[in-house]
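What follows draws every value from the coordinates through simple rules; no lab data is involved. All values derive from a computational prediction rather than experimental measurement. Here the Cβ is made from the backbone with ideal geometry for all residues, glycine too, and neighbour counts use every protein chain on show.
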Amino acid sequence: MKKATMIMDKDFTIGRIDKRIYGSFIEHLGRAVYGGIYEPDHPTADKNGFRQDVIDMVRKLNVPVVRYPGGNFVSGFNWEDSVGPRDQRPKRLDLAWFTTETNEVGLHEFVDWAKAANTQVMYAVNLGSRNPDDARNVVEYANHKGGSYWSDMRIKNGAKDPFDIKLWCLGNEMDGPWQMGQKTAYEYGRTANEAAKMMKWVDPTIELVACGSSSHEMPTYGAWEYEMLSQCYENVDYVSLHRYYGNQTNQTADFLARSMDLDDFIMEVISICDAVAAKKHQKRKLNLSFDEWNVWYHSNEQDKEVWKQEKWGRALPLLEDVYNFEDALLCGSMLITFLRHADRVKVACLAQLVNVIAPIMTRNGGGVWAQTIYWPLMHASAYGRGTALRPLISSPVYDCSDYEKVPLVDATATLADDGSVTIFAVNRDMQEDILLDADLRAFGDLRIAEHIVLHHDDVKAVNTEANPDNVSPKAGNGGTLDGGKLEIKLPSLSWNVIRLVK
Ligand code: AHR
């Protein structure tokens, strides 16, 4: 049997894991809000119209932060439309997704939902069609205690206590021609800087994310980050990264290697941040907010049909990717990549959360179920807390179309504050199981508490409402841990979580 080795030491670490790397995203898009989290006629709806069955699934997923309300949507959004009496809120055309936005769910409702779902709001302001003044007003509305125009309006609208939203996005994907109010790097950097100053003057405790490129395939990538940060470095805390992968060529081996590309992307953006810091003689390092990541391609053709049939509808079934088993493996490797960069990646949002390129699917009036990609995020959020370790890994490799020497075993490990260690590993080998031989002698007495395996014989297997457990985690066949030496079999094509406890 092929073998991979892993050596870990408790002093050999990457850094503390910010739990917000297990975040997600709800945009006013498709059936994410209407028919996803909100469906007042649903049998499980609570008094606010939110589906309790969806809230339960989100709580189980354990996402510490949820980005809202967009995405592309935010670049044409007036936040004032979403507050005040619901029956007086305007219906607007959403030019991002050719939909009608009814504003039935707005800022107050989403804050209530986030509380019920046990998560925090990461709020994006509109720097596309609007400006820094609107951005500072919404901070005042949400976070100022009272005694000013906007904060008093919040109180009048029913929320005596400030929402205390800590994390704010300065617009969304402002480099993209599809974005309302697209800007050059200089224009955006200047606008973001002025918005950031004003927002922090209103509430100095907030943290701000500046828009990086909408992907590293954009022609302006690199130059965008450098120029934009040259304008706003001093006043922002994070730069955003977005990346979606697809398996359009239907080559599983190539597809599973895409996390190598993610790794390169992260390292490049770190280098650019540090280059701007050097130029500016800044000691303070910027961190990364990977606030959109996922697989996204299955629904592309279907979306064209949806728009052909009905433009300007409400809650159109858009971006409803049905995820298969190989998608879950890549998502597992993407999470492993974030853990490997835990020192600089402090926020990451699986885009998105419900129905729209999402781990959670619903049927209007019907059930809720977990897609394949639900499981790696759930496991990582549950067990990948504490400190990211820097294991020394030696794995057999393969070559694929974009990369040479892709490790067949993609793995990392975390050390929790109670001394337990969790190994996360993807076996990318399409034919063979691989024996993982891990040296854990530095951690004292540990025992194998659990080996969770996500595997299916068919890489294209999916979960549906009728068959929700088709791709779901099972117990592994066990391994041995003797004198700090772990031997455990990673099944061919599998996501593994090996929990070692005191
Ligand atoms: O997540 C879907 C869309 O992808 C978002 O609205 C946008 O920011 C990105 O292009």
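The figures follow:
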item	result
Residue-averaged [θ]222 nm for the chain, counting only DSSP H segments that reach four residues, each worth -39500 (n - 2.57)	-8000 deg cm²/dmol
Solution diffusion estimate, µm²/s, Stokes-Einstein, the chain, Kirkwood Rh from C-alpha pairs, 25 °C, viscosity 0.890 mPa s	105
Rounded to whole Hz, the Karplus (6.51, -1.76, 1.60) HN-Hα couplings of segment 218-227, x for glycine and proline	5, x, 8, 3, x, 5, 4, 4, 5, 5
Likely footprinting exposure, Arg89, Arg363, Arg385, fewest C-beta neighbours within 10 Å first	Arg363, Arg89, Arg385
In segment 40-104, trypsin sites (Lys or Arg not before Pro) in a DSSP loop with at most 13 other beta-carbon atoms within 10 Å	Lys47, Lys91
Residue-span extension gain [Asp261 to Ile155] - 0.36 nm each, minus C-alpha spacing	33.4 nm
Residues whose placed amide H lies under 5 Å from that of Leu167, excluding near-sequence neighbours	Tyr123, Glu207
Peptides ranked, highest mean first, by Cβ atoms within 10 Å: ranges 222-233, 299-310, 269-280	222-233, 269-280, 299-310
Cβ-based net charge around Val471, under 11 Å, with every Lys or Arg adding one and every Asp or Glu removing one	-3
Nearest-20 debye value, the chain charge dipole, Cβ charges on Lys, Arg, Asp, Glu	1260
Long-range amide H partners of Gly476 with built H, under 5 Å	His451, Ile452, Val453
Segment 173-263: Rg to Rh, with Rh as the Kirkwood radius over Cα pairs	1.09
C-alpha center-to-center spacing [segment 108-126, segment 226-287] in angstrom	26
Centre separation in Å (Cα based) which lies between segment 411-433 and segment 151-209	38
Computed label-point distance, nm, for sites Lys10 and Arg284 using a 7 Å Cα→Cβ extension	3.4
Karplus-derived 3J(HN,Hα), 6.51/-1.76/1.60, for each residue of segment 260-273, Hz, glycine and proline x	5, 5, 4, 4, 4, 4, 4, 5, 5, 5, 4, 4, 5, 4
Long-range amide H partners of Ala315 with built H, under 5 Å	Thr100
Rg ratio (alpha-carbon, reference 2.2 N^0.38 Å) - segment 398-500	1.19
